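Participant: My questions all concern the structure below.
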Amino acid sequence: MPERLVIIGSGPAGLTAAIYAARANMQPVLFEGFQSGGIPGGQLMITNMVENFPGFPEGIFGQQLMANMRQQAVNSGARLLTEDVLEIDLNSYPFKILSMSEEIYTADSVIVSSGATAKRLPLESEVKFWGRGISACAVCDGALPVFRNKELAVIGGGDTALEEAMHLTQFGSKVYIIHRRDEFRASKVMQKRVLTHPKISILWNKTVDEFLGETRLNGLRLKDTVTGEFSEIAVTGAFEAIGHQPNTSFLKGQLQKDEQGYIKTAPDSTKTSIEGLFAAGDVQDPHYRQAIVAAGSGCMAAIEAERWLQERAGI
């Protein structure tokens, strides 16, 4: 018999969906992943202290938050499989899902909550200082005490980079924007804001050649993309805003996505272009990319999947 609901992904969206679906007696099966798209638990697994998730006034370590969510899903009755989904056939019904163990599962409904992976620089020093001064989310980490009243850097030139720079001006004493070109790709409105902000300094035609420090980040070595010359700046934090890649390769282009590769969902809904398939969390959210938003959309997806199944003759 097909599973009533299969959930793909174990970040805040997938685990919240599993909790709600299990409590609705849908007996969900959740593929929490193994290697593809990052480690099970999503990007919070590589986040140190989470201080903006409601209910934890003193903050909570990212790994602990995800462990709590996972245990709650299990306690609620969800069945978790530590496997990657290799592919899913959306052209047949029930949907067919091929796992990394080469077992084929069938499902009456599916929630895709496989997340998005932050693009990172191919530097060994980035790995060394990730979580020790380097982050991919200024909104998540910018208010941490270690960054307050310090000089910070944002790497990138799109709207996200400029928005993160503006956000960091609330906490840092100075914010550098490091951009590899001599003009921004961001909207004119955002450009005007950063170009006129007294705390922001733009470093044009620069790329990061090396992250510097001992145990924590304390500087950047930059390379000029025009002259090839090197220079250094002292910063306590570096926030990479060079884009995210939605984890959707297993879908093989079978449903509608936007130009960035995010799954398209109906307005105020998690419904996709495929009946019975729902998308929640960062895989369909190019705007907010916050754990609490992902969790909320996971709740929405579980409720919408339950109602959709009920409409199909009370499956």
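Participant: Here are some conditions: (1) touching a helix residue (DSSP H, G or I) at 6+ places or on another chain (Cβ under 6 Å); (2) among the aromatic types (Phe, Trp, Tyr); (3) farther than 30 Å from Gly33 by Cβ. Tyr262 meets all but one. Which one does it not meet?
Facilitator: (3)
Participant: Please enumerate the residues belonging to region 219-241 that are surrounded by fewer than 17 Cβ atoms within 10 Å (Cβ to Cβ) and among the hydrophobic types (A, V, I, L, M, F, W, C).
Facilitator: Val226, Phe230, Ala234
Participant: Given the conditions (1) within 24 Å of Trp130 (Cβ to Cβ); (2) surrounded by fewer than 16 Cβ atoms within 10 Å (Cβ to Cβ); (3) out of contact with any helix residue (DSSP H, G or I) (no Cβ under 9 Å at 6 or more places or on another chain), which single one is not true for Arg216?
Facilitator: Against the list (1) within 24 Å of Trp130 (Cβ to Cβ); (2) surrounded by fewer than 16 Cβ atoms within 10 Å (Cβ to Cβ); (3) out of contact with any helix residue (DSSP H, G or I) (no Cβ under 9 Å at 6 or more places or on another chain), Arg216 comes up short only on (3).
Participant: Scan region 84-91 and give yes if some residue there is surrounded by fewer than 16 Cβ atoms within 10 Å (Cβ to Cβ), within 17 Å of the chain's Cα centre (by Cα) and modelled with pLDDT under 95, otherwise no.
Facilitator: No, every residue in region 84-91 fails to be surrounded by fewer than 16 Cβ atoms within 10 Å (Cβ to Cβ), within 17 Å of the chain's Cα centre (by Cα) and modelled with pLDDT under 95.
Participant: Give Ser114, Ser101 a once-over and let me know the one that is small (Gly, Ala, Ser), assigned by TED's automatic domain parsing to the domain that holds Ile19, crowded, with 17+ Cβ neighbours inside 10 Å and part of a loop (DSSP other than H, G, I, E, B). Break it down stepwise before answering.
Facilitator: On the way: Ser101 fails: crowded, with 17+ Cβ neighbours inside 10 Å.
Sole residue among the options that is small (Gly, Ala, Ser), assigned by TED's automatic domain parsing to the domain that holds Ile19, crowded, with 17+ Cβ neighbours inside 10 Å and part of a loop (DSSP other than H, G, I, E, B): Ser114.
Participant: Would you point out the residue of region 71-83, among those that are among the polar types (S, T, N, Q) and either touching a residue at least 60 places away in the same chain (Cβ under 8 Å) or loosely packed, with under 14 Cβ neighbours inside 10 Å (or both), that is nearest to Ile8 (Cα to Cα)?
Facilitator: It comes out as Thr82.
Participant: Then there's this: Look at Glu183 and say whether it is acidic (Asp, Glu), at pLDDT below 95, under 27 Å from Thr227 (Cα atoms) and not in a strand (DSSP E or B).
Facilitator: Yes: the conditions hold for Glu183.
Participant: Just to verify a result, which residue in region 43-70, among those that are of a type in the set (S, T, N, Q) and touching a residue at least 12 places away in the same chain (Cβ under 8 Å), is farthest from Val139 (Cα to Cα)?
Facilitator: Gln63
Participant: Just one of Arg132, Arg148, Arg120, Arg181 is among the basic types (Lys, Arg) and touching a helix residue (DSSP H, G or I) at 6+ places or on another chain (Cβ under 7 Å); which is it?
Facilitator: Unique residue meeting the criteria: Arg120.
Participant: OK, next. Go through the residues of region 128-137 one by one and say whether even a single one is in the same structural domain as Leu86 (by TED's automatic domain parsing), of a type outside the set (Gly, Ala, Ser), over 28 Å from Glu229 (Cα atoms) and assigned to a loop (DSSP other than H, G, I, E, B).
Facilitator: Within region 128-137, none of the residues are in the same structural domain as Leu86 (by TED's automatic domain parsing), of a type outside the set (Gly, Ala, Ser), over 28 Å from Glu229 (Cα atoms) and assigned to a loop (DSSP other than H, G, I, E, B).
Participant: Could I ask something else about it? Which residue, of Pro54, Pro40, is outside the structural domain of Leu144 (by TED's automatic domain parsing), modelled with pLDDT of 95 or more and closer than 22 Å to Asp285 by Cα? Spell out the reasoning first.
Facilitator: Values: Pro40 fails: modelled with pLDDT of 95 or more.
So the residue among Pro54, Pro40 that is outside the structural domain of Leu144 (by TED's automatic domain parsing), modelled with pLDDT of 95 or more and closer than 22 Å to Asp285 by Cα is Pro54.
Participant: Can you confirm whether region 278-286 contains a residue that is in the same structural domain as Asp84 (by TED's automatic domain parsing), farther than 30 Å from Ala143 by Cα and among the charged types (D, E, K, R)?
Facilitator: No: region 278-286 contains no residue that is in the same structural domain as Asp84 (by TED's automatic domain parsing), farther than 30 Å from Ala143 by Cα and among the charged types (D, E, K, R).
Participant: Does any residue of region 177-200 turn out to be in contact (Cβ under 8 Å) with a residue 60 or more places away in the chain and either surrounded by 17 or more Cβ atoms within 10 Å (Cβ to Cβ) or assigned by TED's automatic domain parsing to the domain that holds Ser231 (or both)?
Facilitator: Within region 177-200, the first condition is being in contact (Cβ under 8 Å) with a residue 60 or more places away in the chain, and the residues that meet it are none.
Scanning region 177-200 turns up no residue that is in contact (Cβ under 8 Å) with a residue 60 or more places away in the chain and either surrounded by 17 or more Cβ atoms within 10 Å (Cβ to Cβ) or assigned by TED's automatic domain parsing to the domain that holds Ser231 (or both).
Participant: Quickly run through region 105-160 and pick out the residues that are among the β-branched types (Val, Ile, Thr) and touching a residue at least 12 places away in the same chain (Cβ under 8 Å).
Facilitator: Scanning region 105-160 gives Thr106, Val110, Ile111, Val112, Thr117, Ile134, Val139, Val146, Val154, Ile155, Thr160.
The values are calculated or read from the model by the stated rules, or taken from the named source; none is laboratory data. Quantities reported herein were computed from a predicted structural model and do not represent experimental measurements. A quick note on method: Cβ atoms are made from the backbone with ideal geometry, for glycine too, and the neighbour counts reach across all protein chains shown.
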